[in-house]
Amino acid sequence: MFITKILSEIGRYMMLMGKVFSRPVKGMVFRRQLLDEMEKLGLNSVGIVAIISVFMGAVVALQMAINLESPFLPKYLIGYATRESLILEFSSTVVALILAGKVGSNIASEIGTMRITEQIDALEIMGVNSANHLILPKIIAAMIFFPLLTMMSMIVGVIGGYSIVFTVDMMTPDDFMQGLLSDFRPYLVFYGVSKMVVFAFIITSVSAYYGYYAKGNSLEVGRSSTQAVVSSTIVVLIFDMILTKLFFNY
Amino acid sequence: MIKAENISKHFDDHIVLDNVSATFETGKTNLIIGQSGSGKTVLLKSLLGLHQIDEGRIFYDDVCYSSLGFNEKKEIRKQVGMLFQGGALFDSLTVVDNVKFPLDVFTDYSESEKLDIVHDTLKKVRLDKAYDLYPSEISGGMVKRVSIARAIVMKPRYLFCDEPNSGLDPLTSVVIDNLIKEVTEEYGITTIINTHDMNSVMEIGETVTFIYQGKMWWRGSKDDILSSDNKELNDFVFASAMAKRARQNM
């Protein structure tokens, strides 16, 4: 029963994506919406991502300093481990989970409200492919903007970690900087950013799916919004594992 | 002309439309009346193709609409205007942008040409202010007028109205009814209005189709209603105390 339900949901999601990925009726209208969505979904998330990243960078550096305190471990490892944690997981996966909460619930409730107030029916009656018109700009905007947020988070997180070094005496700024610069592999940045492109697609499409098929009243819209966040979070974590295996070929 | 031929529709085990046949004439205001839950909204949505009918056929002039594919239906829908019960205006767009939306999507007019058409249409529905306000900032009557303007801005051949007077005071209701009638006559379009407002019926009901328990129960003009001996129709029409008193005085 449970499996059947999951399979039918996946089937319905695929059919919706089939409708989403078709040619927009008017290029100019699409471009305008794309810019709007970049502002709504991306630009408006810069603040929260920056704040969380700076504090997480500082906390990660502190935790590393506390837990790597041993005469056998060089101090520069603190900076190195902080950088690796931020690049490998925090700035892509954890930021994606934060965005799933912020952006995912926003998308599901916006589209869900449009559904129950018949705005989607209005589009359909006009002869507009509502799924394409409403969802495609969100997906493309997120796939373009979220990787930029990931790169910003990497930089801001490292700055947060570096800043905390000046307030504690467990390591020196020079040690931390040495760690930050040691054995730097640009491929890892590429890995983090690429993961975010996939996560951006998952967050926007899964949330839009729940909003698009919302029915009933405002309570149901709230429920689909919650479900959108829960489902996109789970799918992001599953794909995090799959992509990690693929990228590192283990 | 729009024609329904023996259409049936059920949801789960519940038959909502049972072998309904009706013809809605061009250049006339065709009303569908009936109690709440009688199936009139399902009939309207079935005529529009928003509900897939189980049996029967629907014709738009000579074209069998119910047998068309998605893309062919889209072409017909470009000739359809719809006034929704709640207006279904797009929350994120201003009054002008809501009315301009179909022009943006389906025409290649310049911005100034589009604005001219929008302003003319808004004047036609007697709206000469609030152009830059959002739907949440205007009154219910204005929402209906904007919705009519959006429905007719592309000069449709078919106009559908779902409970156009719901939530409006009697004076505004008369204004909206007369607007719909005026537009129908001026453009020579097929207008179908779904209502349970007897004032509308007596004001603009050129042809009236009474739906009772999912069946086409009675058909005639507003003048025929008063002389009909159909019990269910009379129970519906003369349900209010005022109507009963008026009938006694006839």
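Scanning segment B:1-13 for residues that are surrounded by fewer than 17 Cβ atoms within 10 Å (Cβ to Cβ) and either assigned to a strand (DSSP E or B) or among the polar types (S, T, N, Q) (or both) turns up B:Glu5, B:Asn6, B:Ser8, B:His10, B:Phe11. A Cβ distance below 8 Å, combined with a sequence gap of six or more or placement on separate chains, defines the contacts here; from segment B:10-26, residues that are farther than 16 Å from B:Tyr158 by Cα reach residues that are assigned to a loop (DSSP other than H, G, I, E, B) and among the polar types (S, T, N, Q) in the pairs B:Asp18/B:Gln213.
Taking the conditions (1) part of a helix (DSSP H, G or I); (2) within 11 Å of another protein chain (Cβ to nearest Cβ) in turn, B:Ser66 satisfies each one other than (2). For segment B:14-55, taking the residues that are part of a loop (DSSP other than H, G, I, E, B) and within 14 Å of chain A (Cβ to nearest Cβ), the one that is surrounded by the fewest Cβ atoms within 10 Å (Cβ to Cβ) is identified as B:Gln52. Check segment B:106-123 and report whether any residue there is under 21 Å from A:Ile120 (Cα atoms) and part of a helix (DSSP H, G or I). Scanning segment B:106-123, I find at least one residue that is under 21 Å from A:Ile120 (Cα atoms) and part of a helix (DSSP H, G or I), so the answer is yes.
What helices (runs of 4 or more DSSP H), lying completely within segment A:59-152, carry at least 2 residues that are closer than 30 Å to B:Phe70 by Cβ, within 14 Å of another protein chain (Cβ to nearest Cβ) and free of Cβ contacts under 8 Å to residues at least 40 places away in the same chain?
Numbers: elements: A:76-85, A:95-99, A:105-116, A:119-126.
Counting at least 2 such residues, we get A:119-126.
Could you pull out the residue among A:Ile87, A:Ile66, A:Ile78, A:Ile107 that is within 30 Å of A:Gly216 (Cβ to Cβ) and not small (Gly, Ala, Ser)? It would help to see each step written out before you state the result.
Values: A:Ile87 fails: within 30 Å of A:Gly216 (Cβ to Cβ); A:Ile66 fails: within 30 Å of A:Gly216 (Cβ to Cβ); A:Ile78 fails: within 30 Å of A:Gly216 (Cβ to Cβ).
Testing whether each residue is within 30 Å of A:Gly216 (Cβ to Cβ) and not small (Gly, Ala, Ser) leaves just A:Ile107.
Out of curiosity, is B:Phe210 within 25 Å of B:Phe106 (Cβ to Cβ), part of a strand (DSSP E or B) and in contact with a Gly (Cβ under 8 Å, 6 or more places away or on another chain)? Here the answer is no, as B:Phe210 does not meet what is asked.
Residues in segment A:163-178 that are buried (at least 19 other Cβ atoms within 10 Å of the Cβ) and under 27 Å from the mean Cα position of the chain (by Cα): A:Ile164 only. For segment B:146-165, the candidate set comprises residues that are part of a loop (DSSP other than H, G, I, E, B) and over 12 Å from the mean Cα position of the chain (by Cα); within that set, the residue that is nearest to B:Leu127 (Cα to Cα) is B:Val153. Filtering B:Ala151, B:Ala130 for residues that are in contact with a Phe, Trp or Tyr (Cβ under 9 Å, 6 or more places away or on another chain) and not assigned by TED's automatic domain parsing to the domain that holds B:Ile193 leaves a single hit, B:Ala151. Please work out which one of (1) facing chain A (nearest Cβ under 8 Å); (2) at pLDDT below 95; (3) within 20 Å of the chain's Cα centre (by Cα) is the condition B:Val105 fails and give its number. It is condition (3) that B:Val105 fails. When the criteria are applied in full, B:Val42 fails the requirement of being assigned by TED's automatic domain parsing to the domain that holds B:Phe210, under 19 Å from B:Arg157 (Cβ atoms) and at pLDDT 90 or above.
Of all residues in segment B:77-95, exactly one satisfies the criterion of being within 8 Å of another protein chain (Cβ to nearest Cβ) and part of a helix (DSSP H, G or I), namely B:Arg77. For A:Met151, the conditions (1) within 21 Å of the chain's Cα centre (by Cα); (2) more than 29 Å from A:Gln178 (Cα to Cα); (3) surrounded by fewer than 21 Cβ atoms within 10 Å (Cβ to Cβ) are fulfilled apart from (2). In segment A:16-40, the residue that is surrounded by the fewest Cβ atoms within 10 Å (Cβ to Cβ) out of those that are at pLDDT 95 or above and touching a Phe, Trp or Tyr at 6+ places or on another chain (Cβ under 8 Å) is A:Leu16. Scanning segment B:188-201 for residues that are surrounded by fewer than 16 Cβ atoms within 10 Å (Cβ to Cβ) and part of a helix (DSSP H, G or I) returns a single hit, B:Asn199. Give segment B:153-186 a look and list any residue that's over 21 Å from B:Gly140 (Cβ atoms), touching a helix residue (DSSP H, G or I) at 6+ places or on another chain (Cβ under 7 Å) and not basic (Lys, Arg), or say none. Across segment B:153-186, the qualifying residue is only B:Met154.
Filtered by the rule that a residue be within 20 Å of B:Asn199 (Cβ to Cβ), in a helix (DSSP H, G or I) and not hydroxyl-bearing (Ser, Thr, Tyr), segment B:215-231 gives B:Lys222, B:Asp223, B:Asp224, B:Ile225, B:Leu226.
The values are calculated or read from the model by the stated rules, or taken from the named source; none is laboratory data. Source: prediction; values computed, not measured. Methodologically, a virtual Cβ is constructed for each residue, glycine included, from the backbone with ideal geometry; neighbour enumeration extends over all protein chains shown.
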